[in-house]
Every structure is written in C-alpha cells, then in structure tokens.
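Quick one: this structure, given as structure tokens, is what I'll be asking you about.
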Amino acid sequence: MSTDAPEDVAQPREKPPIEAVPVRHPGRWVGAAIVALFGAMLVHSLLTNPNWGWSLIGEWIFSPPIVRGVGVTILLTVLSMIIGLVLGIVLAIMRLSPNPVLNGTSWLFIWAFRGTPVYVQLFLWANIIALYTTISLGVPFGPEFFTLDTKTLIPAFVAALLGLGLNEAAYMSEIVRAGILSVDEGQEEAATALGMSRMQTLRHIVLPQAMRVIVPPTGNETISMLKTTSLVIAIPLTTELFFQASAIGNRLFQPFPMAILASIWYLALTSVLMVGQYYIERHYAKGAMRELPPTPIQKWRRKLHLGGAA
Amino acid sequence: MSEKPVKVLAENVHKAYGRNEVLRGIDMEIRTGEVACIIGPSGGGKSTFLRCINHLEKIDSGRLSVDGELIGYKQRSGKLYEMHDKEVAEQRRSIGMVFQRFNLFPHMTAAENVMCGPVVVRRDNKKIARERAIELLGKVGLGDRGDSYPMQLSGGQQQRVAIARALAMDPDLMLFDEPTSALDPELVGEVLDVMRRLAESGMTMIVVTHEIGFARQVGDLLAFIDKGVVAEIGEPREILANPQSKRFQDFLGKVL
Ligand SMILES: Nc1ncnc2c1ncn2[C@@H]1O[C@H](COP(=O)(O)OP(=O)(O)OP(=O)(O)O)[C@@H](O)[C@H]1O
Ligand SMILES: [Mg+2]
C-alpha cells in the first residue's frame with residue numbers, strides 16, 4: 001500500500017515453472033516392441049519371398065502401356081469429378097428450389113443414380129451409346145438443333161464419363177446440399193437485404209461458405225473415384241490402368257505382382273490427392289479461423305529457424 | 001416537422017406465421033429524417049415489423065409503403081399485382097438493414113463486406129468500390145481495419161462494419177434490429193455513437209432497441225409494440241414521462 005497509487009494495478013506476477021516427475025508409460029513400450037517385431041517380420045517376408053515379384057514390378061512400372069493407363073485413369077477421374085461437381089451443384093440448387101418441378105426432377109435423378117450400382121450403370125451406358133448411333137439435341141418430336149454421330153466420339157470413353165460422372169453427381173448433390181444448409185440463415189438474410197437476388201446470394205455468399213463443409217467429403221469422393229475408375233471394365237474401356245496391368249499380368253502368368261504394381265500407382269495418386277486436399281481445405285478455412293494453421297512446410301521452416309537460433 | 005414528406009407508412013399491417021398472429025394491425029407514420037425507436041416485450045413482433053418493411057416477410061393484410069410506393073406490390077388501375085423478385089430486390093437497395101447478430105460475411109474481409117453490395121448488386125467498379133468502402137469504414141472509426149476478417153474483430157467493431165456495409169448501398173432508410181443487444185456493455189457506446197452521428201446527418205432510421213437513453217436523446221418518435229399492435233406512440237420524452245397503460249408502465253419498470 002504505497003501512498004502514490006500506481007498507474008496500472010493489473011501487473012502480471014512472476015511465473016515459476018511447475019517441477020514434477022513425468023508419468024512413465026511401460027505399457028506403451030511393450031506395445032511398441034510387439035508392433036515393431038511384426039513389422040520387421042513383414043518387411044523380411046516382402047523382401048525375401050520371390051512370389052511378390054519385385055523385379056517384375058520394377059521392370060513394368062514405368063512401361064508405356066502402364067503409364068498410358070495411369071494417364072487415362074487420371075483423365076477419367078478429373079473429368080468425372082468435374083461433371084459430378086458441376087451437375088451436383090445444379091442438382092442441389094434445384095433440390096432446394098421452391099419450384100416443385102425442379103425439386104422433383106432433382107429428387108428423381110438422385111433416387112435413380114444413387115440407387116443402382118455404378119458397375120451396372122456403366123454397363124447400361126455402354127449399351128445405350130451403342131443403341132443410339134446419333135445424338136441429337138432439339139425439341140422433343142420437333143426440330144433438331146444439332147446431331148452428333150456417336151461413332152465420331154470415342155464411345156467407350158464417353159460411356160465411362162457418363163457412367164462415372166452422373167453417378168458422382170447424385171452423391172455430390174447431397175454433399176453440396178448439406179453444405180448449403182450448414183450456412184447460417186442470417187447470411188442469406190443479410191445478402192437479400194443488400195438487394196442481392198437468390199442466385200447472387202448463392203454464388204457470392206452461400207456457396208463460398210458452404211465450401212468449407214463441401215471440400216472434405218469431396219476429397220474423399222475424388223479418392224474413391226480414382227479407384228472406381230477400375231470398374232470401367234464393365235463397358236469395357238481397356239486403356240485404363242487396372243485393365244492394362246491385369247492384361248500384362250495374364251500374359252506373363254504373373255497376375256499377382258501386376259496387381260501390386262497397380263496398387264502402388266493408386267497409392268501414389270491418392271497420396272498426391274491428399275496433399276492437394278489439405279491445401280484446398282486450408283484455403284476455404286479463411287475467415288472461419290482467426291489465424292490459419294501453418295502448413296507442414298512452414299512448420300519445418302520454423303523448426304529449422306528455431307534450431308538454428310538455439 | 002409535419003411539412004416533411006412521409007417516408008414510411010404502415011396502415012393496419014397484419015402478419016401471421018401459421019396460426020400465430022404476430023402483427024395484428026400496426027399503424028405507424030415516419031417522416032423523412034426522423035428517427036423512430038421501437039421498444040416492447042420479447043415476441044411482440046418488433047423484428048417481424050422491421051422485416052416486413054424491406055419485404056423479408058410478406059404481409060397478410062393492410063398496406064405498407066416507403067416513399068409512397070407499396071412494398072412488394074404494384075398498383076395499377078385499382079388492382080394490386082405482386083412484384084417480381086427482381087423488383088423487390090431493387091426496392092430493398094435503398095433500405096439498409098443492421099441485424100442483432102451482425103451477419104457479416106465471414107469469408108470476406110471488412111472492406112470486402114462493405115464493397116460486396118455495390119460490386120455484386122450495382123456492378124460498381126471494384127477499385128472505386130474499395131476506396132469507397134475504406135472511406136465508409138473510416139466514418140465508423142475503422143479506417144485501418146479494412147483487411148481484418150470479421151472473426152478478428154470485436155463485437156462492437158463487427159457491428160460498425162455491418163453499418164458501413166448497409167450504408168455502402170446509399171440507402172435513404174436504415175432499419176436497425178436490436179443492434180447493440182449482442183454486445184458487451186462496454187462496446188454498446190461505440191455503436192450508438194455511430195448511429196447518433198448517422199441520425200444527425202439526416203438519415204431516416206427505424207431502430208428496435210432497449211436503449212431507452214438513446215431513444216430519449218436521439219429519437220423523434222417512440223413506439224411501444226406489444227402483442228402485435230402499437231400500444232403507445234409519441235414524442236419519446238413525453239410518453240416515457242407519462243405511460244398510459246399498465247403494460248407500458250410495467251415494461252419500463254423492467255428496462256429502466
Ligand atoms: N420465421 C418464423 N416462423 C414462425 N414464427 C416466427 C418466425 N419469426 C418469428 N416468429 C414468431 O413471431 C413472434 C414475434 O417474433 P418477433 O421476432 O417479431 O418478436 P420481437 O418483438 O422481435 O421479439 P425479441 O425482442 O425477442 O426479438 C414470436 O412469437 C416468434 O416466435
Ligand atoms: Mg426481435
């Protein structure tokens with residue numbers, strides 16, 4: 001209690017560290033030892049058992065038919081996901097529309113395409129494309145605006161895109177719808193009060209915020225799509241990765257190593273997708289977090305800097 | 001006072017949600033440049049009335065007009081026609097609204113929030129809109145926070161951004177729905193200051209609030225809305241000094 005009152009009494013006090021013996025975890029050490037033992041056995045078997053055919057895998061992994069197959073698989077994945085996402089957004093908006101015709105159409109689409117196996121859909125598309133040798137766009141029973149000979153398209157690839165893309169759209173629309181519904185109603189209200197139309201509100205206010213909810217499951221969908229492309233054998237589209245790998249395996253009477261080879265490629269591709277997903281999620285977290293968490297690269301940089309300074 | 005033109009005119013406005021009659025015949029007349037404050041118990045229909053004024057809600061019966069133009073309807077040869085969504089959106093442009101929970105767009109910075117209306121709705125040039133946004137933020141005392149996201153701002157700052165956002169559309173009528181109710185007591189003053197200055201600049205304002213002090217100092221009109229009707233209305237100092245009904249007396253006893 002000094003006579004001259006201090007300017008600010010809210011001064012922090014000293015901060016002595018807590019000194020305590022940390023808890024020991026013997027169970028963790030035993031568990032880790034057991035896991036390490038099994039791991040070592042697995043690695044030993046992988047390296048020494050000739051049935052895995054590592055040399056064969058090494059020989060074929062970058063061979064032209066396989067690399068081309070990887071290219072087709074990537075192209076199928078990307079294009080199907082684009083179709084799925086764009087059509088999915090359209091279907092979700094239709095589903096939330098007050099117009100019963102739009103709403104009902106969307107419901108019917110989702111019902112049909114989610115309710116049947118994608119393998120069966122691929123098979124059906126292949127047959128439908130074979131049935132219709134020309135595609136025309138016009139008024140039903142009226143004039144046609146343009147016609148397209150399906151033989152000029154690459155039928156198998158188009159069938160694969162239709163099968164994968166439309167099926168995906170049914171799933172994506174539900175993901176997008178959940179995303180739209182997750183956005184606070186006050187957002188739409190504020191945008192409407194500014195004089196925005198329903199579409200402007202969706203595009204500038206609601207969808208960008210819905211993305212935060214939409215992106216993680218879309219990442220899963222993309223990874224899942226990458227693997228689902230192996231089903232286009234139902235058409236059959238033969239240039240894709242797994243078909244090529246199996247064909248080579250059958251020819252060499254070594255199907256097993258070739259399946260491993262395909263798995264290695266799928267794992268490599270999904271790993272790349274996971275990295276991409278991380279950065280996209282981070283991008284859409286803007287505004288939802290006070291500060292974005294550091295990327296792994298930033299974390300490493302910081303560690304190095306601290307290490308250098310200390 | 002009475003020579004000023006009528007800005008907002010409500011005549012026997014009714015609104016029900018299902019069987020819940022929320023507005024049961026509201027009458028109110030607000031002249032250009034006036035500040036009308038609305039008080040009343042929770043659930044009395046204050047927010048609903050504000051939302052009817054910019055047609056966020058459709059009224060069931062009665063007439064509601066701004067600048068002599070019916071809200072949401074067109075009158076041609078004695079017949080009423082419902083307005084197209086586009087025309088309603090156009091009417092809303094000149095009516096700004098500020099919400100209790102701010103409703104800032106969290107994925108945009110403060111400046112982007114403010115310029116968003118002009119750029120999207122009026123298709124203003126982005127660069128000019130941004131300059132204007134910074135200027136408006138300056139007016140609400142946030143000239144240096146243009147690049148902050150709403151999450152990085154205090155409640156009082158967020159509400160001031162929300163006011164700037166509404167002002168960016170150059171409205172000539174501003175609606176405030178309990179703009180300070182979600183704020184810590186020490187932040188209420190900064191928002192009320194901005195509103196007071198806005199009132200002094202001649203803006204017509206309708207303010208739902210529990211800040212009786214603000215109503216007394218700034219308000220030209222004070223309405224007590226209870227159970228969906230305007231129970232008492234008049235010059236704020238006058239009606240606060242002699243509340244007529246028991247309900248109003250009880251209500252004032254609770255908020256003062
Ligand atoms: N969208 C809606 N659907 C159904 N009922 C509603 C809706 N909005 C409001 N209500 C009801 O209308 C009544 C009046 O609500 P309103 O929000 O206008 O009251 P208020 O006077 O603003 O109250 P408060 O002071 O709590 O904000 C309440 O009983 C409320 O439950
Ligand atoms: Mg309210």
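Determine, for B:LEU104, A:LEU124, the number of other Cβ atoms within 10 Å of each Cβ, and report the residues in order from fewest to most.
Going from least to most buried by this count: A:LEU124, B:LEU104.
Please arrange A:VAL101, B:VAL208 by counting, for each residue, the other beta carbons lying within 10 Å of its beta carbon, fewest first.
Values: A:VAL101 9, B:VAL208 23.
The order, fewest Cβ neighbours first, is A:VAL101, B:VAL208.
Next question. At 0.36 nm per residue, minus the direct Cα-Cα distance, what do A:TRP107 and A:SER45 gain on full extension? Give it in nm, one decimal, please.
17.1 nm
With θ set to phi - 60°, apply the Karplus curve 6.51 cos²θ - 1.76 cosθ + 1.60 along the range B:36-46 and write out the HN-Hα couplings as whole Hz, x wherever there is a Gly or Pro.
For the range B:36-46, the Karplus curve yields 9, 9, 10, 10, x, x, 4, x, x, x, 5 Hz.
Could you give the alpha-carbon Rg of the protein assembly as shown over 2.2 N^0.38 Å, rounded to two decimals?
That works out to 1.34 for the protein assembly as shown.
Right, here's the next one. Let me know the longest stretch in chain A that avoids all trypsin sites (Lys or Arg not before Pro) found in a DSSP loop with at most 16 other C-beta atoms within 10 Å.
A:25-289
While we're looking at this one, here's another question. If you filter the range A:1-63 for chymotrypsin sites (Phe, Trp or Tyr not before Pro), then keep DSSP loop positions with at most 16 other Cβ within 10 Å, what is left?
A:PHE62
Modelling each spin label as a point 7 Å along the Cα-to-Cβ direction, I'd like the A:SER182/B:ARG123 distance in nm, to one decimal.
Between A:SER182 and B:ARG123, the label points sit 3.4 nm apart.
Which of the GluC sites (Glu not before Pro) across the range B:1-78 are loop residues per DSSP, with 10 or fewer other Cβ within 10 Å?
When the GluC sites (Glu not before Pro) of the range B:1-78 are filtered for loop state and at most 10 Cβ neighbours within 10 Å, B:GLU3 remain.
Let me ask you something else. What is the calculated FRET efficiency for A:SER224 to B:GLU69, with r their C-beta to C-beta distance and R₀ = 51 Å, to the nearest 0.05?
0.40
Please say if chain B is rounded, prolate or oblate, where rounded means a/c under 1.5 for a ≥ b ≥ c the square roots of the C-alpha gyration tensor eigenvalues, and otherwise the choice is prolate for a/b larger than b/c and oblate otherwise?
Here chain B falls in the oblate category.
Further, regarding this structure: Can you give the % of DSSP beta bridges in the protein assembly as shown that are antiparallel, to the nearest 5?
So the antiparallel bridges in the protein assembly as shown amount to around 60 percent.
Here's a follow-up. How are the alpha carbon pair distances in the range A:75-238 distributed across 5 Å bins from zero to the largest one, expressed in percent?
Pairs per bin, as whole percents: 2, 9, 15, 17, 17, 15, 11, 8, 5, 2, 0.
Still on this structure: Return the FRET efficiency for the residue pair A:SER263, A:TYR119: r is the Cβ-Cβ distance, R0 is 22 Å, and the value is rounded to the nearest 0.05.
My answer for the efficiency is 0.65.
For a label point 7 angstrom out from the Cα of B:GLU11 toward its Cβ, which stretches of the range B:42-65 have the backbone nitrogen within less than 14 Å?
B:61-65
Hey, another quick one. Of A:MET94, A:MET41, A:MET258, which is the most mobile in a GNM of chain A whose springs link Cα atoms less than 10 angstrom apart?
In the Gaussian network model the winner is A:MET41.
Now for a different question. Check every DSSP H run in chain A and write down those whose alpha carbon atoms cover 18 angstrom or more along the long axis and whose mean Kyte-Doolittle hydropathy is -0.5 or greater. All intermediate terms of the calculation are to be shown ahead of the outcome.
Details: long enough: A:26-48 (33 Å, 1.36); A:64-95 (45 Å, 2.02); A:100-114 (21 Å, 0.69); A:118-131 (19 Å, 1.86); A:155-181 (38 Å, 1.19); A:207-228 (29 Å, 0.16); A:255-284 (43 Å, 0.75); A:296-309 (20 Å, -0.92).
Passing helices, by number: A:26-48, A:64-95, A:100-114, A:118-131, A:155-181, A:207-228, A:255-284.
As an exercise, identify the trypsin sites (Lys or Arg not before Pro) in the range B:13-69 lying in DSSP coil whose Cβ has no more than 15 other Cβ atoms within 10 Å.
Listed in order of number, the matching sites are B:ARG19, B:LYS58.
Test of understanding: what is the full-extension gain from A:MET274 to A:VAL23, defined as 0.36 nm times their sequence separation minus their Cα-Cα distance?
Extra length available between A:MET274 and A:VAL23 comes to 86.8 nm.
Before anything else, pin down the relative contact order of chain B: Cα pairs under 8 Å, at least 6 apart, normalised by residue count, whole percent.
Relative contact order comes out at 25 percent.
Given 0.36 nm per residue, what is the gain on full extension from A:SER55 to A:PHE141 after removing their alpha carbon distance, in nm? Don't skip to the end; give the middle numbers.
Numbers: separation 86, 0.36 × 86 = 30.96 nm, distance 6.14 nm.
Fully extending the segment from A:SER55 to A:PHE141 adds 24.8 nm.
On to the next question. How high is the relative contact order of the range B:25-141? Use alpha-carbon pairs under 8 Å, at least six apart in sequence, and give a whole percent. Mind showing how you got there, number by number?
Numbers: 60 pairs, mean separation 14.3, N = 117.
Worked out over the range B:25-141, it gives 12 percent.
Using only Cα positions of chain A, each an equal point scatterer, no hydration layer, compute I(q)/I(0) via Debye at q = 0.08, 0.15 Å⁻¹ and quote the log10 values to two decimals.
Log-scaled intensity ratios, in q order: -0.61, -1.28.
Efficiency by 1/(1 + (r/R0)^6): what FRET value for A:ALA288 and A:PHE253, r their Cβ-Cβ distance, R0 = 41 Å, to the nearest 0.05?
Efficiency for this residue pair is about 0.15.
All of the numbers you see were taken from the coordinates with simple rules; none came from a lab. All values derive from a computational prediction rather than experimental measurement. Don't worry about glycine lacking a Cβ; one is built from the backbone with ideal geometry, like all the others, and counts go over all protein chains shown.
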